[in-house]
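Engineer: This is the structure, below, for whatever I ask next.
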Amino acid sequence: MSNLVTRRQALKRMLVVGAGVGVIYTSSGYLFSLKGNKRTRGNQVLLLGVSMRSAAADGYSNIVNDIIDVNFELVPFDQILVNGYFINKNEIKNISHENN
Amino acid sequence: MILNESEWSDKTSYLTDVVIVGAGAAGISLALELERKKINVILLEGGKDLFDEESQDCYRGKVTARDLPYGLYNSRLRFFGGSTNCWAGGCGELDKEDFIYRPWIKNSGWPFAKTELISWYNKAAVFLGLDIDRIRNPEKLKNMPPFHGFNTRILEFTKKVRFKHEFRQDLEKSKSIKVFFGANLHTVNRMSDTDSVESIQVVSFNGKKVVLFGNAYILACGGIENARLLLNTEKKGRKAIGNAFDNLGRFFSDHPIAPCATVIGVSGKLTDFFLNSRKFIENKKGGRSTPFYRMPYELQKKYKTLNVSIQFATQEEELGAGEISAWKIKRLLSKSEYSSIKAKDIKNVVFNLSSIVNSIYDRSVNSGRVALRFQIEQLPAKNNRITLSGERDSVGLRRTKLHWEFSELERHSLNVVIAYTAKCLQSANIGTLKLDSQLIDDPLDLPMDLRGGQHHSGTTRMSLARETGVVDENLKVFDSENLYILGSSVFPTNGWVNPTFTIIALSFRLANHLKVTRF
């Protein structure tokens, strides 16, 4: 089975949590504006159109752990694929959200 | 001596030492080396001195499953010099692991180790005016940007690219080489019950026929044509030459090459690394090379991948919805499956016309983004094969029908190398990658706008056992005493690297074998 299927499943888990804006903080981090394709260095990964709002009720860490658990074993080189962007799981510090 | 079709004498038969069919990179390099060994040669070119539609038309055929990026007609040339007439000149060696059996790659392994080819690679480098040390030690080159985590490789570009110009004088002056233009292989006359060749008959486009007798016969017509010509020797009640075990024409491979991800620089900027790794590195003799980065063998073994290499290259923007729909429609049209075209794809094309036009422009000038571009080995799969269609060319031979598709292993290998590249970019703190959306949407296929290397190989594969191949380790057809095949069609696996340098190394090795064993 392709690794990517698993990555997509992981991504899907993130997408199904609701609508809005979600933020993953990373230690070095990049700021991705997916729609505008603008990338500037920051301390976060911004996923426009992706919400962690409903995930907040369960605690973000569960979501992060869930994603990492899914990808940890099956995606090589500690990579997590988020909306096509490769993020190193070791760079993720925590996850937060913004309402809009 | 070179004889145009109109200059053929009235003789209807010739006797020589070695008859070579095909005057491309393989045939010309072999002929010149045999001349040095005092062996007489007749070199047959099916085409003419210049491009000619009547000759090129023999290359038309049908491709099923996945289209070849340039089709059967456009991905090779059929006139003096063969496909060196469109060759860029890139030379590199196969990796030593390409020659070994890798348990996770079915049908992998050459009959000999890379060490067997080293001296012939050296000779090929001299022939092409290349410095072999640059090819073998690219990390020592000045201005070579290393990419930590990958093995550095290069393609060194020879200036001796157009063989018809480079070696024309040598062939014209030669007293032991006769070159016939317009000499199309038509019939291979076999000896009794074996696959040994008694003689071959060639025909010109204006109907002249000549029979050639030799001590040895060499087919050197390319990765597709070698198989087609042999398949055409099948007669009622008799299998085609070299096809006792149904291996002839099978295991076709090419190099899948395409951009697959966009490089995202830190702070939105790309460092000098990406600029330098896209530049040609000049050498003192005016030659140049370009770097490739190969995923280390230890990782290939660990993750069970094919041999993969990458480059960072200026490429067009990734395909959007309109372009993806356009590619889907193009594929269906080429297969005449009109009823499978979806209204959604037509709508996408209509509403994204300007984007599609821009994409075509970007593609033609390779501009738009710095992309991760891959060039990978293909699994030697038995079902990727050349057969014959019912239609005949003007020489009277049945045309090519090629079935070409990808396995999960190619896509798996691609997934691994992309993730690994992302990790290496992150570790070096110079960026990360954004995967092209088409690859996210379709987790099994390779990019739709794939460009192949036009490096056709594998269809007359080399093997230690006649049950698993067409030729032995000396390139002699099993069950034949005097028929040899030369070219990338004998490659059991194709590695990631362009094949011409290895083809020429095999030419010199074959010349030596012929001298030692037959003359």
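The values are calculated or read from the model by the stated rules, or taken from the named source; none is laboratory data. Since the structure is predicted, the reported quantities are computational estimates derived from the model, not experimental observations. FYI the Cβ positions are ideal-geometry reconstructions off the backbone, even for glycines, and counts take in every protein chain you see. Surface areas here come from the heavy atoms of the whole protein model, side chains and all, with no ligands, DNA or RNA. Shrake-Rupley method; radii C 1.70, N 1.55, O 1.52, S 1.80 Å.
Engineer: Sorted by accessible area with a 1.4 angstrom probe, largest first, how do B:Ile346, B:Ile386 fall?
Structural biologist: Sorted descending by solvent-accessible area, the residues read B:Ile346, B:Ile386.
Engineer: Same structure, new question: So for region B:1-137, what percent of the C-alpha to C-alpha distances run longer than 27 Å?
Structural biologist: 42 percent
Engineer: Size of the dipole of chain B about the Cα centre, Lys and Arg at +1 and Asp and Glu at -1 on the beta carbon, nothing else charged, in debye to 20?
Structural biologist: Working: 73 positive and 58 negative charges, 78 e Å.
Result for chain B is approximately 380 debye, rounded to the nearest 20.
Engineer: B:Arg518 label point, 7 Å along Cα→Cβ, cut-off 13 Å on backbone N: hits in region B:162-196?
Structural biologist: Answer for region B:162-196: B:196.
Engineer: Still on this structure, please answer the following. Please report the accessible area of B:Met295 (heavy atoms, 1.4 Å probe, ligands and nucleic acids excluded) in Å², nearest 10.
Structural biologist: 0 Å²
Engineer: I want to check the label-to-label distance for B:Gln56 and B:Lys382. Put each point 7 Å from Cα in the C-beta direction and report it in nm to one decimal.
Structural biologist: Taking the simple label geometry, B:Gln56 and B:Lys382 are separated by 3.8 nm.
Engineer: Separate question: Kindly identify chain B as rounded, prolate or oblate by the Cα gyration tensor criterion: order the square roots of the eigenvalues as a ≥ b ≥ c, call it rounded if a/c is under 1.5, otherwise compare a/b with b/c, prolate if a/b is larger, else oblate.
Structural biologist: It comes out prolate by the Cα gyration axes.
Engineer: What percentages, rounded to whole numbers, describe P(r) for region B:67-110 computed over all alpha carbon pairs with 10 Å bin width beginning at zero?
Structural biologist: Each 10 Å bin holds this share of Cα pairs: 22, 26, 35, 17, 0.
Engineer: Moving on to the next point. Run the 1.4 Å probe and let me know the accessible area of B:Arg509, rounded to the nearest 10 Å².
Structural biologist: 20 Å²
Engineer: Taking only C-alpha pairs under 8 Å that are 6+ residues apart, what is the relative contact order of region B:1-159 in percent?
Structural biologist: The normalised contact order for region B:1-159 reaches 17 percent.
Engineer: Right, another one. Collect residues whose amide H, placed 1.01 Å from N in the peptide plane, falls under 5 Å from the amide H of B:His186; neighbours closer than 5 in sequence don't count.
Structural biologist: B:Gln201, B:Val202, B:Val203
Engineer: Can you give the extra length, in nm with one decimal, that the chain gains between B:Ala465 and B:Glu116 once fully stretched, where that is 0.36 nm per residue apart less the Cα-Cα distance?
Structural biologist: Additional length available on full extension: 123.8 nm.
Engineer: Relative to a virtual label point 7 Å from the Cα of B:Lys284 in the Cα→beta-carbon direction, which members of region B:76-103 show backbone nitrogen distances below 16 Å?
Structural biologist: none
Engineer: How big is the charge dipole of region B:185-321 about its Cα centre, in debye rounded to the nearest 20, if each Lys and Arg gets +1 on its Cβ and each Asp and Glu gets -1 on its Cβ?
Structural biologist: Rounded to the nearest 20 debye, it is 280 debye.
Engineer: Right, here's the next one. How big is D, in µm² s⁻¹, for region B:412-519 by Stokes-Einstein at 25 °C and 0.890 mPa s if Rh is the Kirkwood radius over C-alpha pairs?
Structural biologist: Numbers: Rh = 17.2 Å.
The diffusion coefficient I find is 143 µm²/s.
Engineer: Using a simple spin-label model with points 7 Å from Cα along the Cα→Cβ vector, what separation in nm is obtained for B:Ser9 and B:Ser339?
Structural biologist: Modelled inter-label distance: 6.2 nm.
Engineer: So how far, in whole Å, is the C-alpha centre of region B:382-443 from the one of region B:171-202?
Structural biologist: Region B:382-443 and region B:171-202 have Cα centres separated by 37 Å.
Engineer: Sticking with this one: Radius of gyration and Dmax for region B:231-344's Cα atoms, expressed in Å?
Structural biologist: In order Rg, Dmax, the Cα atoms of region B:231-344 give 22.5, 70 Å.
Engineer: Roughly how much of B:Cys86 is accessible, in Å² to the nearest 10, using a 1.4 Å probe?
Structural biologist: Accessible surface of B:Cys86 is approximately 70 Å².
Engineer: Go through B:Leu34, B:Leu275 and list them by solvent-accessible area, largest first, probe radius 1.4 Å. All intermediate terms of the calculation are to be shown ahead of the outcome.
Structural biologist: Values: B:Leu34 0, B:Leu275 85 Å².
Descending accessible area places them as B:Leu275, B:Leu34.
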